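Everything on this sheet refers to the single structure shown next.
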Amino acid sequence: MNIFSNSSKNSKSNKFRDGNLLTCKYTMCFNKTFKKDISFIQILFPSFTVNSITTFFFLFLYLTFFILNVCKFDKQAPLYLNETVLKQYGMSRNSVTNNHQYYKLLTATFFHSNVWSLIINAYYFMNIGIIVEKSYGKAHYMAIMLVSALCGNFILCATSYCGSVQMGISTILSGFMGLFLQEIVEHYKQLTEKWSIIVNYM
């Protein structure tokens with residue numbers, strides 16, 4: 001039984017189409033970038049929507065990094081957060097188990113240690129997140145992000161070294177990829193182009 005249902009599946013017809021998969025929606029959205037009348041923002045983010053949770057969260061990630069970087073600026077490494085900030089806002093096994101800072105299982109998701117990981121993670125989050133949000137609805141989308149962040153950070157906390165600091169939205173992206181895979185497995189027998197979809201997922 002699925003806790004989160006893809007709205008595109010809830011049609012009157014019981015026949016499932018390959019195009020309903022999130023994997024296919026993600027790959028097909030980039031076809032828009034070949035159109036002549038396209039804005040610059042759509043070249044980077046083909047499914048860009050202003051009024052979406054994904055867009056607001058995307059901007060929030062950059063805002064938090066900018067504020068922390070300015071407040072605790074490190075001249076020697078201007079594109080990286082300094083060690084004090086990492087320990088204060090990041091999650092480690094020591095901070096959770098010994099200091100009982102359980103809130104970091106969630107809040108560590110909002111911060112990134114350097115601008116490069118932020119740019120890469122935010123880019124994929126924007127492109128994948130909007131598709132998931134449109135397919136599952138805002139309420140389910142927020143629940144998916146919350147569960148992914150908590151479960152992912154819990155696993156990182158359990159498997160990482162005691163003093164190793166973890167942060168970033170990689171856990172949410174992993175949850176999205178798990179959601180993509182779950183749809184493929186659930187509807188595998190109904191797919192007409194199985195190998196093509198598997199290759200696209202990879």
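Since every read-out is calculated from the coordinates, none of them should be taken as a lab result. Worth saying up front: this structure is predicted, and the values here are computed from it rather than measured. Every residue, glycine among them, receives a Cβ derived from its backbone with ideal geometry; neighbour counts consider all protein chains shown.
Here r is the Cβ-Cβ distance between Leu59 and Lys189 and R0 is 35 Å; the resulting FRET efficiency, rounded to 0.05, is 0.30. In order along region 94-101, the phi-based Karplus estimate (6.51 cos²θ - 1.76 cosθ + 1.60, θ = phi - 60°) of 3J(HN,Hα) comes to 4, 5, 7, 7, 8, 9, 6, 8 Hz; Gly and Pro are listed as x.
Sorting the segments 194-201, 160-167 by their mean number of nearby beta carbons within 10 angstrom, highest to lowest, gives 160-167, 194-201. Cut-off 10 angstrom, C-alpha nodes, Gaussian network model of the chain. Which of Asn99, Asn121, Asn82 fluctuates the most? Among Asn99, Asn121, Asn82, the largest GNM mean-square fluctuation belongs to Asn99. Springs join every pair of Cα atoms under 10 Å in this Gaussian network model of the chain, and among Ala122, Ala139, Ala108 the largest mean-square fluctuation is at Ala139. When the P(r) is computed for the chain, the part past 32 Å accounts for 24% of the Cα-Cα pairs.
For Leu21, the amide hydrogen comes within under 5 Å of no other amide hydrogen, counting only partners 5 or more places away or on other chains and with H modelled in the peptide plane. Close amide H contacts of Gln166 (hydrogens built in the peptide plane, cut-off under 5 Å, sequence separation of 5 or more or a different chain): Met91, Ser92. Under a Gaussian network description of the chain, with springs only between Cα atoms under 10 Å, the residue in Lys87, Lys104, Lys75 that fluctuates furthest is Lys75.
Of the DSSP H helices in the chain, those with a Cα length along their own long axis of 15 Å or more and a mean Kyte-Doolittle hydropathy reaching 1.0 comprise 53-71, 138-159, 170-186. Here each label is just a point 7 Å from Cα along the line to Cβ, and for Asp74 and Val50 those points are 3.8 nm apart. Quick one: net charge of Ser92's neighbours, Cβ under 14 Å, K/R +1, D/E -1? Charge balance in the 14 Å sphere: +2.
Annotation for region 97-128 versus region 41-66: alpha-carbon center distance of 15 Å.
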